[in-house]
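Each value in this text was obtained by applying a stated rule to the coordinates, not by laboratory testing. In this text the structure is predicted, and so the values were computed from the model without any measurement. With ideal geometry, Cβ positions are generated from the backbone for all residues, glycine too; neighbour counts draw on all protein chains shown.
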Amino acid sequence: MEMVSTVQNTDVKQSLQKVNERLLEKNPAESLLFDVVLIATDSQQQSSRIISSTSHYGLEVGRFCFSSREDLVETLVVNNVQLFLSTDRDEALQVSQKGVLSALLGRQEAPSESLRVMLCGDAIVRPDCDPVPASRGAAQSFSARLGEMRGRFGVSGSPLSIVLVTSSGGSKSCGVALQTLRSRGLSVDEAYCLAGAPRGPILSLLRPHFLLGDGVIDLED
Amino acid sequence: MVKMSLDPVQVKELNVSPSPNGDSRASWEEEEVEEEEEDRLGIATKTKPVSVTDLSSVSPSLCFRLAARMSRTQKLSLPDSRFPFQEASDRGSSELFTTSLFKVWCLRCPPVAHQWGGASDKVTGRRARKVEGGVFFPKPENAVTVAVSSRVLFRTELEQRVFEQKGVEEYLRYQIEHENEPFAPGPAFPFVKALETVNARLRELYPQSEELFDIVLVTYNHAHVGIRLINTINHHNLFIERFCMTGGSSPIGYLKAWQTNLYLSADADKVREALAEGIAAATMFMTEKLTEVSESQLRVAFDGDAVLFSDESERIFKAHGLDKFFQHEQDNEDTLLDHGPLKGFLEALGKLQKKFYAKGQRLDCPIRTYLVTARSAASSGIRALKTLRAWGLEIDEALFLAGAPKGPMLEKIRPHIYFDDQMFHVEGAAEMGTVAAHVPYGVAQKHNQPQKPGARK
């Protein structure tokens, strides 16, 4: 499984690494791991600087890729990328519209114990909205793989936490989201049903690394 | 020997039809009982306890004047705490404690017979939980947010035992296995139902307003239990649309994010944490005996010291005894007491009450508040009343018990919840079937020894 990042967000990468380490601890022959590919689209960024910074922070990046903006999506598809992470909203949107699952990175003020993935429940319970988002299929398969990975660890002390947030529906729709995710093999650790309450205060407490949903969702409301 | 001369207040008796709320004889209906008795101090008195029953002539200022007059005429120092009154209760006259010391019931607003036809039908008719108009997802800053934990809203003792004996994985497996079995109602359940009743009435009167009760389920349960909790909410027809299942991390941050006005939990540590953050909170316990409470009127009762007010007077009492306490209260009669942890919640209730008054529903208001304090009306009670008045808080009924046991009084009032800082009173109330919540605040906590060890955890 592969993820791509264009930014030096070290906490995400460290958390991803921790997940990999724990997975390998459990099963040295584990194949379901995170594979991080770093893509640089800014021509001004020097390749050597990026590579040395990465090793300076002790980050295990699988591959480096240097691509231009226009070719970004193609590069992602060619590399079989399942999730594209970025802090650039436009970039992420563009990628998502072409069918590759993408998410915005959250701002991490302090290092966290686990990789916190937030899922947006509203997308899950709205199966037939029109038009169907291009990245819908990618989202579903990614969440299934994520569920598999989460299942390797126990309830407590997991390096991977799945958080479900439903913004607009009531408790019933949140229940439907939980059941849908469970049927896809993804069991959720924390669930928050906002039912219309402002997301900002809750999101700042949850501190997810990134948020998966339909299209691209802002983490800072 | 001091003769107490009390002229009974000349008031017109108002004919109030008995409330169908399940009371056999409500307190305000007591006729003035005349009893002659010798109290501990050997004074034979032939005084009628003063009970004020007329709405129109009772105003807060009348209460004050009444209490002030009593304090002037009374020259004896009051006997210590609750023991002289034990005999009164043993005699079986639980409705009224008729002793030489007087109790003043300040009735600002006596309850009136409720129209069973109207509002309650609408409530029970809401089985299908259809949205009938009105705001259902109010903004947290506009609503009165009440956060409850799953262990007080529902009965989860069995599951708790599984968790304690077999660990978290087995506990979650058990919960998922029993997902379609709803939990039974817990101690906070009647309270939450009553909040919904008030909401229904508020929506009728103010369909666009967001000033409603907003109930949020805040639990540190894992989301695996989520489906069972949601099933239970649906089964009991509760209107809880918001929740936080934090999967083990502290819910306190979320309480602040929800702008919680009141937090009810079974875990005393979390309650203490919440109080430290300035959020009104109380610990609830499961009782075996539960008296029936009103389905059409929310009744909330508060202790005075260390709940509505700060514990400063409590400290003096504990350090220097009752006499010094009375002296201190008298000397400081005009100094306001500092506020306690539940003052904000009473304020929030008062704001909602005013919305009913504004629509001419004072007599039929579905929220009723009570002060049940061990203070005595004539002396230490004045300071309490003056403080409430200065804060602009109205309380419907103030019961000054002068040390008498609270259990029987609470049993008459039948509040949906009663807040007290002393476990002694909480347990006493629970024994008589009142849902009592402990507010772990103030100096009394050092002296708190719960009778039942490890009552709930």
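What average count of beta carbons from other chains do you get within 10 Å of the Cβ of residues in B:217-225?
So the per-residue partner count for this stretch is 4.
Just to be sure I understand: of the beta bridges DSSP finds with both ends in the range B:298-446, what percent are antiparallel, rounded to 5?
Rounded to the nearest five, the antiparallel share is 5 percent.
Taking R0 as 35 Å, what's the FRET efficiency between A:Ser55 and B:Lys256 from their Cβ-Cβ distance, rounded to 0.05?
Taking R0 as 35 Å, the efficiency between A:Ser55 and B:Lys256 is 0.25.
For the range B:298-446, rounded, prolate or oblate, judged on the Cα gyration tensor with a ≥ b ≥ c (square roots of eigenvalues), a/c < 1.5 rounded, else prolate if a/b > b/c?
Oblate shape, in that a/c is at least 1.5 and b/c is the bigger or equal ratio.
With a ≥ b ≥ c the root eigenvalues of the C-alpha gyration tensor of the range B:144-284, is it rounded (a/c under 1.5), prolate (a/b larger than b/c) or oblate?
Since a/c reaches 1.5 but b/c is at least a/b, the shape of the range B:144-284 is classed as oblate.
Over the whole of A:201-209, what's the average partner chain Cβ count within 10 Å per residue? Rounded to a whole number, please.
Across A:201-209, the average partner-chain Cβ count within 10 Å equals 3.
Which FRET efficiency value, to the nearest 0.05, do you get for B:Asp269 and B:Ala358 by plugging their Cβ-Cβ distance into 1/(1 + (r/R0)^6) with R0 = 41 Å?
Rounded to the nearest 0.05, the efficiency is 0.50.
What is the list of residues in the range A:186-200 whose amide nitrogen lies under 20 Å from a point 7 angstrom out from the Cα of A:Gln140, following Cα to Cβ?
Of the residues in the range A:186-200, A:186-188 have backbone N under 20 Å from the label point off A:Gln140.
Based on the Cβ-Cβ distance of A:Val77 and A:Leu205, what FRET efficiency does E = 1/(1 + (r/R0)^6) give at R0 = 35 Å, to the nearest 0.05?
0.45
Taking a point 7 angstrom from the Cα of B:Lys446 along the C-beta vector, which residues in the range B:321-338 have backbone N less than 14 Å away?
It comes to B:321, nothing else.
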